[in-house]
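This report refers to the structure that appears directly beneath it.
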Amino acid sequence: MTLINSKIHFILLAGGNSLRFSSKTNKLLAKFKNKNLLTHNIEFLKELKFKKITLIINNLKDKNINIFRDLEVIKGGETRSESVKNALYKSKFRSKYVLIHDVARPLNSQKLIKKIVKNLVEKKYDCVVPYSKCSDTAIINHNNIDREKLKLIKTPQGFIKNKLIFLHNKNNKKILTDDSQLFRNENNKFKIKYLLQNEINIKITYKDELETLNKLVENNILVGIGYDIHRIIKTNRNNLLKLGGAKIKSKVKVISHSDGDVILHAITDSILGALSLRDIGTYFPNVKKNLNRNSIDFLNYALNKMNSKKKMINNIDLMIVSEEPKINPHFKKILDSISKKLDINKNSISIKATTNEKSGLIGRGDFIACWSNISLKEN
Ligand code: ZN
């Protein structure tokens, strides 16, 4: 397969003026999965060992094109058909087969390329066209049309090159939106293969489409860790201890500049960490203003930062180390409170508690500590 690919001419159409994209940058240089659409396509083709690649582009001086030095670059024409003709006539590459693809389609499938090549080379089709079915209701002038009969035509399309050149010559003035039309208009004179493609293969025309697509494929998970520890003292009466925003009755008392909520402090630090920010003490130092400060303020500060970066909590895993108070009797109350304060489902929160087996300062009951491990995803 890859050996055949190296002999096939691949034309990448990156002309077009992005009028409908409503952005100052060329849409082909807009980011999809951290790469622009053009780079995405080219790397994909190189992975499949295509070597005869012609890139059709309108602005040959675009500095972003320089990185693709090993490609043949040819200037596009006024229309799509003109661009294809420029590639067919001016290219130095000789080959029996040619594949033509619109760069604005970033989701290219190895499986599809394999099928197109197979139908051209082994099954001897003249023209191979991928299509998808229409699952929406389709209408013309208020009237439904039979969507079962509709084929939505995609690229890449594959052709016997000399037949494609022949048909482009014959239809010199025709404005085309794809090349298979030349074969389809010829009344069964050519062997055409329609390939049903069920994978997503959308053409990016509008900026919103790219943003939606980016969200769909985004798996950019951020993780953060937070740790906090506070001294506790034993008293003879019941105190109200704050843990995860919940008020717990206990004979021990937390010593802290703020309200000493060790869980919320650890969670806050883990969110800040996942966002590559500094620790809680940087933003809320031990100054008079923060004396007995409600830890919800710290948490909300971190949550606001998270929201402004368009992230949301994926899951959170907490480990509380405490001899006193015991966490298990208050487990549900703490879980409810954290779920509410973070506005996330309880299924995404794990609260684990352990003692320090009487060893060390925590084991002696002098301290309470909490670890928070958090992951954030795209919102
Ligand atoms: Zn703290």
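Kirkwood hydrodynamic radius, the range 2-218, all distinct C-alpha pairs: what's the number in Å?
By the Kirkwood definition, the hydrodynamic radius is 18.0 Å.
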Inset, instruction - Mind ranking 240-253, 168-181 by how tightly packed they are, going by the mean number of other C-beta atoms within 10 angstrom, highest first? - result: 240-253, 168-181
Legend entry - Calculated from backbone phi, Karplus (6.51, -1.76, 1.60) coupling profile of the range 194-202 in Hz, x at Gly/Pro: 9, 10, 6, 10, 8, 6, 5, 8, 8
Legend entry - Over 20 Å (Cα to Cα) - which of Lys247/Lys333; Lys207/Lys377; Lys96/Lys191; Lys51/Lys114; Lys249/Lys326 fall in this group: Lys207/Lys377
Legend entry - Rounded to 10°, Cα long-axis angle of helix 37-47 versus longest principal axis of the chain: 80
Inset, instruction - Report, in degrees rounded to the nearest 10, the 0 to 90 angle that the Cα long axis of helix 110-121 makes with the longest principal axis of the chain. - result: 10
Inset, instruction - Could you tell me the distance between the Cα centroids of the range 231-295 and the range 63-142, to the nearest Å? - result: 60
Inset, instruction - Rounded to the nearest 10 degrees, what's the angle between the helix 207-217 long axis and the longest principal axis of the chain, both from Cα atoms, 0 to 90? - result: 60
Legend entry - Stretch gain in nm, segment Ile4-Lys310, where the contour uses 0.36 nm per residue and the Cα spacing is subtracted: 105.7 nm
Legend entry - Exceeding the 20 Å Cα-Cα cut-off - candidates Lys163/Lys193; Lys310/Lys341; Lys173/Lys203; Lys7/Lys123: Lys173/Lys203
Legend entry - Highest average packing first - 342-350, 286-294, Cβ atoms within 10 Å: 342-350, 286-294
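From the P(r) of the chain, could you give the percentage of C-alpha pairs in the tail past 38 Å? Display every interim value, and only then the final one.
Working: 32250 of 71631 pairs.
Result: 45 percent of Cα pairs exceed 38 Å.
Grab the Cα-Cα distance for Leu240 and Lys170, subtract it from 0.36 nm times how many residues apart they are, and report the gain in nm with one decimal.
Gain on stretching Leu240 to Lys170: 16.4 nm.
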Legend entry - Two-site label geometry, Ile296 and Ile145: point separation in nm, points 7 Å out along Cα→Cβ: 5.8
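Laboratory data are not the source of any read-out in this text; all were calculated from the coordinates shown. As the structure is a computational prediction, the values presented were derived from the model and not from experiment. Note: ideal-geometry Cβ built from the backbone for every residue, glycine included; neighbour counts use all protein chains shown.
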